[in-house]
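Structure first, then comments.
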Number of protein chains: 4
Amino acid sequence: MSGAQQGLFARLKTDAAEAWRAYTTHAFVRALGDGTLPVEAFRFYLAQDYLFLIQFARAYALAAYKAPTLVEMRQAAAGMNAIFDIELALHVRLVERWGMSEPDLVRTPEAMETIAYSRFVLDAGMRGDLLDLMTGLAPCIIGYGEIGRALAATASGQAAHNPYRDWIAEYAGDAYQQVVGDAEAELDRLAAGSLTEARYPRLLAIFERATRLEADFWQMGLNAVAGG
Amino acid sequence: MSGAQQGLFARLKTDAAEAWRAYTTHAFVRALGDGTLPVEAFRFYLAQDYLFLIQFARAYALAAYKAPTLVEMRQAAAGMNAIFDIELALHVRLVERWGMSEPDLVRTPEAMETIAYSRFVLDAGMRGDLLDLMTGLAPCIIGYGEIGRALAATASGQAAHNPYRDWIAEYAGDAYQQVVGDAEAELDRLAAGSLTEARYPRLLAIFERATRLEADFWQMGLNAVAGG
Amino acid sequence: MSGAQQGLFARLKTDAAEAWRAYTTHAFVRALGDGTLPVEAFRFYLAQDYLFLIQFARAYALAAYKAPTLVEMRQAAAGMNAIFDIELALHVRLVERWGMSEPDLVRTPEAMETIAYSRFVLDAGMRGDLLDLMTGLAPCIIGYGEIGRALAATASGQAAHNPYRDWIAEYAGDAYQQVVGDAEAELDRLAAGSLTEARYPRLLAIFERATRLEADFWQMGLNAVAGG
Amino acid sequence: MSGAQQGLFARLKTDAAEAWRAYTTHAFVRALGDGTLPVEAFRFYLAQDYLFLIQFARAYALAAYKAPTLVEMRQAAAGMNAIFDIELALHVRLVERWGMSEPDLVRTPEAMETIAYSRFVLDAGMRGDLLDLMTGLAPCIIGYGEIGRALAATASGQAAHNPYRDWIAEYAGDAYQQVVGDAEAELDRLAAGSLTEARYPRLLAIFERATRLEADFWQMGLNAVAGG
């Protein structure tokens, strides 16, 4: 695909290739894929991801406030509703299977890594415009889809004995992949409206920083069992 | 009812009695009730109210961003969804009956009165906290319910020949009255959490100003046919 | 001047020519220039302009929060400081000459016109980025400079018997004209960074709306004496 | 001192005693005091603190936007000006003495710890009101004053051979201690206006979280030399 036809996400990913690789092939991700991730690392991650989802819903609310058209307002509202109606419920089910309850989650203090990524994106979005906000969310939304697909394509990622098989299947599944496709398309639509070459480096800085903070989020899970 | 038991809305309404009366018994309201409102005044009002609803949805999105708990986030999301799924559609149906289409509405420029009320509330909410925001929205949410009930209780408000009978019935109806009750209850819940006597005058100032801007919004409808 | 070399402000002014003319040659402006403006109209305007300046300072604070670089943060801070250290003091002196005091001003309720323009710009800026915010402020900052220059170039605008001579001289003066030049330059710098043709219509909509709200602000002064 | 007379800061500090102690007596702080802090740890800290100051200036800008009165707007503007006119310049001088230049600083990527604290406070302030914002800034503003005073009261903290003597003297000095006193007084003024017992736990949560993020900020300096 030529540069001119390349979507914004593909361009950002290419230009932040090292950070993207560190995030999407992090040791935590590889251990999810081969089923060797310590349960405690996953539980810690899952509780923090629940807390992150609440901030993520706030980010979609902010997107609805910022959206310049009704079409984009409705899209942001749909994203927020999906978190409230689907993702939080899925997390609670997953969490219960791992021996925690929703009240446990709500009482869990946010880790620094959770705060860093969520508040960075919220502030980047409030400071800039909707494109800044959605660029900050892209490593999360689109990256999870890429990770899910990659892990689901491996034997161990689908193996019956892999305790993280359901997590992988969720993000590799059609429903989530549709969310990913929508997010890529929205980035392109927003970029068509307001991306200039002079602005691109600032957007890349948001994307790269958010990607690194996602890698830190995985590392947080490993640190939880490493006495870190 | 003693002062101690009085809800926040009742207290605000009492303390801004003159502005409240000017708003809820405005000549535009009385003319809706007896069916004498010129069609052009209503059409102008309806188109502006459609544009206002879009800003109102942004205010609910802001409320979801600002909400300190999941309960309040979900409530704000429900308010936003109600606008997208119910109220905008109702407006489009009403508007079509009066000879306009949704594309006409979207093309209509916002009147100064529409801008003044909507942006005043959005800014008061961003500047302050969720209680400031919901106080600014109260004259709209709760006032329309009071006006609907009052007009529906009159013979002319229900009369088959009153061209505004459906509008009146909508705001007097159980579904909308439930919204009103929820809004009053949320104000009380927020006030229980963060209202002090020292703060009250600032809250009253927001309420009174918003109420006067609602009266200006009715006047805008009359001005549209008065060569104003 | 070719389109390619034309600055953003000049382009916006050309494309909103009718609104710009209605604002900069409003009857209130012409009456300032020939000295026939009723004193009561000017006093009403001046008190509202004082209240507007406070919101204007908030807009500069927002610009400092939103600024993507230290250079732009310092520029926004300088704008805010100029309001606090110079313009508010000038207004108080002017106001005292016309028989009012600062406490009178602070007690004056904001008129709908004051609310509409100030909150429209604040919300446009919070919703979008720094370019949206500065575009909304441009009719005020740059327009006053153009009006000041135009009136100062007339015999009656400089005449000793024109009671509004000092007001005209202030906005025609070198200090204020420097502010105007800086604002035009900053618009161009921001546009170089993030203006696309696809975005331009949205920017023009902000500019045109803000310009019309400025004309409404003049009209407010006339209405104050017309029983309006 | 009875609870009724106790200021808000003293109350928060008491209720977050363990976090406060961990922050103000962190190993990094003790090593500053006895002069044993590795130079590389200090240099890393100083560069990040420069980047933090820029976000801190944004927080003061946000405070000016949010301030409910002119008095508080001017106070916030003064805080922002102090960063631009004094603190950034001091940092640059300090940094140059340690072999770095301002361009080096601007190019330094923000560490996760810098992002976490700064964006947490900015978001807490945007989400809530001015009291939420100033509560989030209090551990930084007031804590540095307490640390400076404590270290300056020790022999090693004043010793000619302590390479961090100037840093200590700056925060122990009258000018900075005045800033601390002003910040405590403003917290009390804001609390008098809008603190309720029902709200206090939410405020404490912001304070405690911000205090822990400050301790993480010190730890970041140590990690920089520990291969961490």
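The values are calculated or read from the model by the stated rules, or taken from the named source; none is laboratory data. Because the structure is a prediction, the values reported are computed rather than measured. Methodologically, a virtual Cβ is constructed for each residue, glycine included, from the backbone with ideal geometry; neighbour enumeration extends over all protein chains shown. Accessible surface areas use protein heavy atoms only, side chains included; no ligands, DNA or RNA. Shrake-Rupley method; radii C 1.70, N 1.55, O 1.52, S 1.80 Å.
Which of the following residues is at the interface with another protein chain (Cβ under 9 Å from one of its Cβ atoms) and closer than 24 Å to B:Arg189 by Cα: B:Leu88, B:Leu130, B:Leu137? Full working, then the answer.
On the way: B:Leu88 fails: closer than 24 Å to B:Arg189 by Cα; B:Leu137 fails: at the interface with another protein chain (Cβ under 9 Å from one of its Cβ atoms).
Answer to the selection: B:Leu130.
The residues in region A:63-80 that are touching a residue at least 60 places away in the same chain (Cβ under 8 Å) and hydroxyl-bearing (Ser, Thr, Tyr) can be counted, and the count is 0.
Name the residues in region D:129-161 that are closer than 18 Å to D:Ala64 by Cβ and touching a residue at least 60 places away in the same chain (Cβ under 8 Å), would you? Break it down into steps so the answer makes sense when it comes.
If we filter region D:129-161 for residues that are closer than 18 Å to D:Ala64 by Cβ, which is where we start, we get D:129-138, D:140-141.
Within region D:129-161, D:Asp129, D:Leu130, D:Leu131, D:Asp132, D:Leu133, D:Met134, D:Thr135, D:Gly136, D:Leu137, D:Ala138, D:Cys140 meet the criteria.
Taken together, A:Arg202, A:Arg149 contain a single residue that is open to solvent by 60 Å² or more (accessible area, probe 1.4 Å) and within 14 Å of chain C (Cβ to nearest Cβ), which is A:Arg202.
Starting from residues that are open to solvent by less than 10 Å² (accessible area, probe 1.4 Å) and either of a type in the set (Gly, Ala, Ser) or more than 14 Å from chain D (Cβ to nearest Cβ) (or both), keep the ones in region A:95-116 and report whichever is nearest to A:Trp218 (Cα to Cα). Outline the logic, then answer.
Quick first cut of region A:95-116, residues open to solvent by less than 10 Å² (accessible area, probe 1.4 Å) only: A:95, A:105, A:114-116.
Retained after the next criterion (residues that are either of a type in the set (Gly, Ala, Ser) or more than 14 Å from chain D (Cβ to nearest Cβ) (or both)): A:95, A:105, A:116.
On the way: A:Val95: 17, A:Leu105: 18, A:Ala116: 13 Å.
Top of the filtered list is A:Ala116.
Considering region C:11-24, and only residues there that are in a helix (DSSP H, G or I) and of a type in the set (Gly, Ala, Ser), the residue that is farthest from C:Ala215 (Cα to Cα) turns out to be C:Ala17. Residues in region A:205-228 that are over 23 Å from A:Gly79 (Cβ atoms), small (Gly, Ala, Ser) and open to solvent by less than 30 Å² (accessible area, probe 1.4 Å): A:Ala215, A:Gly221. Give region A:183-199 a look and list any residue that's within 14 Å of another protein chain (Cβ to nearest Cβ) and either open to solvent by 30 Å² or more (accessible area, probe 1.4 Å) or out of contact with any Leu (no Cβ under 6 Å at 6 or more places or on another chain) (or both), or say none. If the condition is that a residue be within 14 Å of another protein chain (Cβ to nearest Cβ) and either open to solvent by 30 Å² or more (accessible area, probe 1.4 Å) or out of contact with any Leu (no Cβ under 6 Å at 6 or more places or on another chain) (or both), then A:Asp188, A:Arg189, A:Ala192, A:Gly193, A:Leu195, A:Thr196, A:Glu197, A:Ala198, A:Arg199 are the ones that fit. Among the residues of region A:25-70, those identified as away from chain B (no Cβ under 11 Å), in a helix (DSSP H, G or I) and open to solvent by 20 Å² or more (accessible area, probe 1.4 Å) are A:Ala27, A:Arg30, A:Val39, A:Glu40, A:Arg43, A:Phe44. The test for being within 16 Å of the chain's Cα centre (by Cα) and either open to solvent by 40 Å² or more (accessible area, probe 1.4 Å) or polar (S, T, N, Q) (or both) does not hold for C:Ala160.
Could you please let me know if C:Glu102 is over 14 Å from the mean Cα position of the chain (by Cα) and either closer than 29 Å to C:Ala191 by Cβ or of a type outside the set (Gly, Ala, Ser) (or both)?
Numbers: over 14 Å from the mean Cα position of the chain (by Cα): yes; either closer than 29 Å to C:Ala191 by Cβ or of a type outside the set (Gly, Ala, Ser) (or both): yes.
Yes; evaluated as a whole, the condition is true for this residue.
Pairing each residue of region C:182-195 that is over 22 Å from A:Leu190 (Cα atoms) with any residue that is among the polar types (S, T, N, Q), provided the two are 6+ apart or on different chains, yields C-beta distances under 8 Å for C:Asp182/C:Gln75; C:Glu186/C:Gln75.
Would it be correct to say that B:Glu87 is open to solvent by 30 Å² or more (accessible area, probe 1.4 Å), of a type in the set (Asp, Glu) and part of a helix (DSSP H, G or I)? Yes.
For region A:163-182, the set of residues classified as among the aliphatic types (A, V, I, L, M) and open to solvent by 20 Å² or more (accessible area, probe 1.4 Å) consists of A:Ala169, A:Ala172, A:Ala175, A:Val179, listed by residue number. In region A:71-83, of all residues being more than 7 Å from chain B (Cβ to nearest Cβ) and modelled with pLDDT under 95, the one that is most open to solvent (accessible area, probe 1.4 Å) corresponds to A:Val71. Every test in (1) part of a helix (DSSP H, G or I); (2) closer than 20 Å to D:Phe120 by Cα is passed by A:Pro109 save one, and that test is (1).
Can you say whether C:Gly7 is surrounded by fewer than 20 Cβ atoms within 10 Å (Cβ to Cβ), closer than 27 Å to C:Pro201 by Cα and not charged (D, E, K, R), as far as the supplied structure shows? Outline the logic, then answer.
Values: surrounded by fewer than 20 Cβ atoms within 10 Å (Cβ to Cβ): yes; closer than 27 Å to C:Pro201 by Cα: yes; not charged (D, E, K, R): yes.
In short, yes.
Only one entry in C:Arg21, C:Arg11, C:Arg58 is of a type in the set (Lys, Arg) and under 25 Å from D:Thr69 (Cβ atoms), namely C:Arg58.
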